[in-house]
Amino acid sequence: MQNIIDRFISYVTIDTESNPDSKTTPSTEKQWVLANKLVEELKAIGMQDVTINDKAYIMATLPSNVEHEVPTVGFVSHFDTSPDFCGANVKPQIVTDYDGKDIVLNAKQNIILSPDYFKDLLQYKGQTLITTDGTTLLGADDKAGITEIVTAMEFLIKNPEIKHGKIRIGFTPDEEIGRGAHFFDVEKFGAQWAYTMDGSQIGELEYENFNAASAKITFKGKSVHPGYAKGKMINSMLISNAFINELPADEVPEKTKGYQGFYHVHHLNGNIEETIVELIIRDHNLKKFEKRKEKIQKIARKINRKFANQFGEDIVIAEIKDQYYNMKEKVLPVKHIVDIAEKAMRELNIKPIIKPIRGGTDGSQLSYMGLPCPNIFAGGHNFHGKYEYVPVESMQKAVEVIVKIAELTALPDFGFEQTKKTKKKK
């Protein structure tokens, strides 16, 4: 496991925070530092056809070591970290033989990682955890995934007796700002399907995600001296507040789970003359997703009618843009790719946790680009913040899942026929 720890720490201590306001790809120049390091590392471990393009997309090949024809399978992760929290000067802390008690991340600032609040911690008693020092995120999202893919490829190269088909790996920038797949060359990648190693706790296996849209709502107003404002002033901030109050109060992230969709207001900035509200719309069900978008427009029309005579034009302008769609539609026709990952986990005594992703993934966009791409656990918890941590044993298990998938996809019927025969004997 030390190999995994060392590799992971070498990645997370490189700042790769992406920037949603940037127009370049990658969105930050510093992402090139890790990208170039990964290229050299892939060459060093013996990967072939290692390439990086002018937008920092990395691809590499592990050639097949079987004579019969088998599918080319891919594994994908992203190397940027979220701009939601500081990703610079990451100082990982290693907690060996975790005792199930509070972990002091930063004594000076009294920052505690406690199982009283983060109950998932108790799953990992006796294991080795890597945490933050309480001042930055960790970057397990998704440098744990990169660590696992590179480590699995190195293991297969060093153990040629393990039979596998051709494997393609890809590392992308800017996933955290929704652009990770924008310039991914699916044709060049050349895999029949792939897996993103970008999930959370051990066992997660996901092939459903939100349909997603962003909305920018602009509210106009009229500024008049407050002492003489009666019947004249229109305060755009108060109108924006009325708009928000029209949204269903229980359909927000903090009150929903599972397949429940939501509206999430994440930015509000304004004055009397103009206020801009930014929100995201999420739902797994496409019909409900469309209704949510219409709800936004309906509220806007209602307010516009109310102020039509006083303001003389639309006082609310709602701009809605689709971001990505539920990959389920593209994965279900090739459901065996999920079954293979599930079989790999079960053979490793990992209980699969098959559930919808309450978010997005490169795999969603890739699936709609012609590369069906379910998501597999990478092991981390509490992404995008100072309480982020990852159990090393979970990363080790993810490596084993990648290796097992490589083995299964080189077998006739992916090993399912063998499973049937075993069951008949019993």
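Which residue, His266, Phe311, Asn326, has the largest displacement toward the positive end of the dipole of segment 262-332 when charges sit on each Cβ (Lys, Arg +1; Asp, Glu -1)?
Result: Asn326, furthest along the dipole toward the positive end.
Using +1 at the C-beta of Lys and Arg and -1 at the C-beta of Asp and Glu, which of Ile337, Val12, Ala249 has the Cα lying farthest in the positive direction of the dipole of the chain?
Ala249
Of Gly385, Ile357, Gly178, whose Cα points farthest to the positive end of the dipole of the chain (charges on the beta-carbon: +1 Lys, Arg; -1 Asp, Glu; origin at the Cα centre)?
Farthest along the dipole direction, towards plus: Ile357.
Over the chain, with a Gaussian network built from C-alpha contacts below 10 Å, which listed residue (Gly270, Gly74, Gly139) shows the highest mean-square fluctuation?
Result: Gly270 has the largest fluctuation of those listed.
Show me the GluC sites (Glu not before Pro) within segment 1-108 that DSSP assigns to loop and that have at most 16 other Cβ atoms within 10 Å of their Cβ.
Working: sites: Glu17, Glu29, Glu40, Glu41, Glu67, Glu69; in loops: Glu29, Glu67, Glu69.
Those that pass, being in a loop and sparsely packed, are Glu29, Glu67, Glu69.
Summarise the accessible area of segment 1-97 (1.4 Å probe, protein heavy atoms) by the percent that is carbon and sulfur.
On the way: 2160 of 4520 Å².
The C+S portion of the solvent-accessible surface of segment 1-97 is 48 percent.
Helix 31-45 against the longest principal axis of the chain: what's the angle in degrees, Cα atoms only, rounded to the nearest 10?
Helix 31-45 and the main axis of the chain meet at about 10 degrees.
Whose amide H sits under 5 Å from the amide H of Asp198, counting only residues 5 or more places off or on another chain, with H placed in the peptide plane?
So Asp198 has HN proximity to Ile376, Ala378.
In straight Cα distance, which lysines are under 17 Å from Lys222, not counting same-chain residues fewer than 8 positions off?
Lys230, Lys232, Lys306
Run through the DSSP bridge list for the chain and note the antiparallel percent, rounded to the nearest 5. Mind dumping the intermediate values first?
Details: 47 of 63 bridges.
Roughly 75 percent of the beta bridges in the chain run antiparallel, per DSSP.
Check Asn106: other-chain or 5+ apart residues with amide H under 5 Å from its amide H, H built from backbone geometry?
Ile111
Taking H as built 1.01 Å from N, whose amide H comes closer than 5 Å to the amide H of Lys355, not counting residues under 5 places away?
When sequence neighbours closer than 5 places are left aside, the close amide H contacts are Leu205, Tyr207.
Please build a GNM for the chain, connecting alpha carbons under 10 Å apart, and tell me which residue among Gly145, Gly199, Gly415 fluctuates the most.
Sorting by GNM fluctuation, first place goes to Gly415.
For segment 264-347, what does the alpha-carbon gyration tensor say about shape, rounded, prolate or oblate, given a ≥ b ≥ c as the root eigenvalues, a/c under 1.5 as rounded, and a/b over b/c as prolate? Mind dumping the intermediate values first?
Numbers: a/c = 5.34, a/b = 2.93, b/c = 1.82.
Prolate shape, in that a/c is at least 1.5 and a/b is the bigger ratio.
Report, in debye and to the nearest 20, how large the dipole of segment 29-100 comes out about its Cα centre when Lys and Arg carry +1 and Asp and Glu carry -1 on their Cβ.
Numbers: 5 positive and 11 negative charges, 55 e Å.
My answer is approximately 260 debye.
Starting from the Cα of Lys230, step 7 Å toward the Cβ, then list every residue of segment 298-313 with an amide N under 11 Å from that point.
Within reach of a label on Lys230, which here means backbone N under 11 Å from a point 7 Å along Cα→Cβ, segment 298-313 contributes nothing.
When only DSSP loop residues count, what chymotrypsin sites (Phe, Trp or Tyr not before Pro) in segment 41-119 have their Cβ near at most 16 other Cβ atoms within 10 Å? Please list the in-between numbers first.
Working: sites: Tyr57, Phe75, Phe79, Phe85, Tyr98, Tyr117, Phe118; in loops: Tyr57, Phe79, Phe85, Tyr98, Tyr117, Phe118.
Sparse-neighbourhood loop chymotrypsin sites (Phe, Trp or Tyr not before Pro): Tyr117, Phe118.
How about Lys166: which lysines have a C-alpha closer than 16 Å to its C-alpha, ignoring those fewer than 8 places off in the same chain?
Within reach: Lys158, Lys188, Lys404.
To one decimal place, what orientation-averaged projected area in nm² is obtained for the convex hull of the Cα set of segment 76-219?
If I average the Cα hull's projected area over directions, I get 13.5 nm².
Among the listed pairs Lys288/Lys330; Lys355/Lys397; Lys220/Lys293; Lys355/Lys386; Lys302/Lys330; Lys288/Lys335, which have their C-alpha atoms separated by more than 28 angstrom in this model? Walk me through the numbers on the way to the answer.
Values: Lys288/Lys330 19 Å; Lys355/Lys397 19 Å; Lys220/Lys293 21 Å; Lys355/Lys386 26 Å; Lys302/Lys330 37 Å; Lys288/Lys335 24 Å.
Violating the 28 Å Cα-Cα cut-off are Lys302/Lys330.
When averaged across all projection directions, what area in nm² does the alpha-carbon convex hull of the chain cover?
Working: hull surface 99.6 nm².
The number I arrive at for the chain is 24.9 nm².
Please state the charge dipole magnitude for the chain, taken about the Cα centre, from unit charges on C-beta atoms (+1 on K and R, -1 on D and E), reported in debye and rounded to the nearest 20. It would help to have the intermediate numbers written out before the result.
Values: 55 positive and 58 negative charges, 334 e Å.
The calculated dipole for the chain is roughly 1600 debye.
Per residue, how much accessible surface does the chain expose to a 1.4 Å probe? Answer in Å², no decimals. Let's see the in-between values first.
Working: 19900 Å² over 426 residues.
Computed with neighbouring chains in place, this is 47 Å² per residue.
Can you give me the C-alpha center-to-center distance between segment 310-331 and segment 3-19, rounded to a whole angstrom?
The distance from the Cα centre of segment 310-331 to that of segment 3-19 comes to 36 Å.
Stretch Arg346-Glu29 to full length: gain in nm at 0.36 nm per residue minus the Cα-Cα span?
Stretched fully, the Arg346-Glu29 segment lengthens by 110.0 nm.
Relative to the longest principal axis of the C-alpha atoms of the chain, give the angle of the C-alpha long axis of helix 2-12, reported between 0 and 90° and rounded to the nearest 10°.
For helix 2-12, the angle is close to 30 degrees.
Based on Cβ point charges of +1 for Lys and Arg and -1 for Asp and Glu, what charge dipole magnitude is obtained for segment 259-404 about its Cα centre, in debye rounded to the nearest 20?
Numbers: 24 positive and 18 negative charges, 146 e Å.
Computed charge dipole of segment 259-404: roughly 700 debye.
Any idea what angle helix 286-306 forms with the longest principal axis of the chain, computed on alpha-carbon atoms, 0 to 90 degrees, nearest 10?
Once rounded, one gets 20 degrees.
Once you list every other residue whose beta carbon is under 13 Å from the beta carbon of Ile111, what net charge do they have if Lys and Arg are +1 and Asp and Glu are -1? Don't skip to the end; give the middle numbers.
Working: positive: Lys91, Lys108, Lys386; negative: Asp102, Asp133, Glu388.
With Lys, Arg at +1 and Asp, Glu at -1, the neighbours total 0.
Ignoring any ligand, DNA or RNA, what whole percent of the accessible area of segment 337-398 comes from carbon and sulfur when the probe is 1.4 angstrom?
Details: 910 of 1880 Å².
For segment 337-398, the apolar C and S fraction of the accessible surface comes to 49 percent.
The values are calculated or read from the model by the stated rules, or taken from the named source; none is laboratory data. Since this is a predicted model, take the numbers as computed values, not measurements. Because the Cβ atoms are built from the backbone with ideal geometry, glycine has one as well, and the counts that use them run over all protein chains shown. Surface accessibility is based on the protein's heavy atoms, side chains included, excluding ligands, DNA and RNA. Shrake-Rupley method; radii C 1.70, N 1.55, O 1.52, S 1.80 Å.
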